[in-house]
1. Among 221, 232, which is the only one that is more than 14 Å from residue 76 (Cα to Cα), at pLDDT 95 or above and surrounded by 16 or more Cβ atoms within 10 Å (Cβ to Cβ)?
2. Can you report the number of residues in region 59-78 which are over 16 Å from the mean Cα position of the chain (by Cα) and assigned to a loop (DSSP other than H, G, I, E, B)?
3. Can you find a residue that is crowded, with 19+ Cβ neighbours inside 10 Å, more than 18 Å from residue 270 (Cα to Cα) and touching a strand residue (DSSP E or B) at 6+ places or on another chain (Cβ under 8 Å) anywhere in region 113-128?
4. Filter region 134-185 down to the residues that are on the phi > 0 side of the Ramachandran plot and surrounded by 13 or more Cβ atoms within 10 Å (Cβ to Cβ) and list them by number.
5. Return the residues of region 57-75 that are within 10 Å of the ligand (Cβ to nearest atom) and either in contact with a strand residue (DSSP E or B) (Cβ under 8 Å, 6 or more places away or on another chain) or at pLDDT below 95 (or both); say none if nothing qualifies.
6. List the residue pairs whose Cβ atoms are under 7 Å apart, where the first residue sits in region 207-230 and is within 10 Å of residue 252 (Cα to Cα), the second is assigned to a loop (DSSP other than H, G, I, E, B) and modelled with pLDDT of 95 or more, and the two are 6 or more positions apart or on different chains.
7. Taking the condition of being surrounded by 11 or more Cβ atoms within 10 Å (Cβ to Cβ) and free of Cβ contacts under 8 Å to residues at least 40 places away in the same chain, how many residues in region 272-284 meet it?
Ligand SMILES: [Zn+2]
């Protein structure tokens with residue numbers, strides 16, 4: 001049998017087998033109707049989970065939050081609540097399985113504030129690796145980490161890059177944007193990095209019951225600019241030197257209109273990211289090629 005015909009036959013058998021494995025078994029569903037499937041990992045039965053992985057084409061979201069002070073007026077879980085609100089709404093529009101609450105990231109700089117959960121560096125990386133490994137073992141071959149916390153901005157690209165150290169049969173994608181650069185209702189404040197106008201506005205959409213607007217001006221979120229170093233020189237204490245109250249900006253400037261604009265932008269952006277990740281057939285192929293070459297570099301490279 002010519003190799004091409006043989007390959008064709010093997011792929012036919014494989015696709016029939018896959019269809020059999022992934023055919024949903026919903027006795028009560030009318031023919032043709034797609035049964036509603038929760039996007040929450042923890043709400044699916046084992047059999048529905050298998051259908052969820054099939055429907056999402058192996059694309060799973062890992063919304064990444066944190067527990068830390070958010071000014072005098074927002075809850076400790078602000079980043080966790082907002083990123084889950086966004087990821088869940090996005091997955092409803094473009095189906096993906098969403099991992100449960102995850103908040104084990106980098107937040108050493110808030111250890112002086114009550115309620116901060118700051119895990120060690122080694123545990124952050126080990127837990128994240130085991131989490132994505134276990135997700136992949138369950139069929140999540142494309143893991144999109146949606147970051148809700150600014151303090152993870154170095155951790156997550158480092159984690160993604162370090163996936164090249166040894167072969168993995170899945171790809172880690174990181175989406176780390178939360179607010180648009182421009183557009184929407186004009187903003188009233190210039191400094192707006194933490195629990196300020198934008199973040200407070202978003203929380204007015206995701207969990208308005210947890211916004212204590214009457215307390216928003218009880219502490220200062222002004223930039224104290226105490227460190228005198230040239231741009232490009234980095235220290236870990238930079239945040240504390242500028243915003244020791246773990247408040248950057250002025251939450252009292254927040255409005256629901258700004259929150260709606262920013263939340264919709266964030267959800268749309270995650271929907272676009274899910275679609276792009278589903279369509280991406282390059283990354284895993286390149287990863288495998290890279291792993292292969294990196295173990296035979298003397299033979300494969302000029
Ligand atoms: Zn935050």
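1. Details: 232 fails: surrounded by 16 or more Cβ atoms within 10 Å (Cβ to Cβ).
After ruling out the rest, the residue left standing is 221.
2. Counting residues in region 59-78 that are over 16 Å from the mean Cα position of the chain (by Cα) and assigned to a loop (DSSP other than H, G, I, E, B) gives 6.
3. no
4. Filtering region 134-185 for residues on the phi > 0 side of the Ramachandran plot gives 139, 183-184.
Those that are on the phi > 0 side of the Ramachandran plot and surrounded by 13 or more Cβ atoms within 10 Å (Cβ to Cβ): 139, 184.
5. 70, 71
6. 212/73; 213/73; 215/73; 216/71; 216/73
7. Taking region 272-284 first, the residues surrounded by 11 or more Cβ atoms within 10 Å (Cβ to Cβ) are 272-278, 280, 283-284.
In the following step, the residues that additionally are free of Cβ contacts under 8 Å to residues at least 40 places away in the same chain were identified as 272, 276.
Residues meeting the conditions: 2.
Per-residue answers, yes or no, for (1) on the phi < 0 side of the Ramachandran plot; (2) more than 11 Å from the chain's Cα centre (by Cα); (3) part of a helix (DSSP H, G or I):
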position	(1), (2), (3)
84	yes, no, yes
89	yes, yes, yes
100	yes, yes, no
104	yes, yes, no
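The values are calculated or read from the model by the stated rules, or taken from the named source; none is laboratory data. Since this is a predicted model, take the numbers as computed values, not measurements. Note that we place each Cβ from the backbone using ideal geometry, even for glycine, and neighbour counts take in every protein chain shown.
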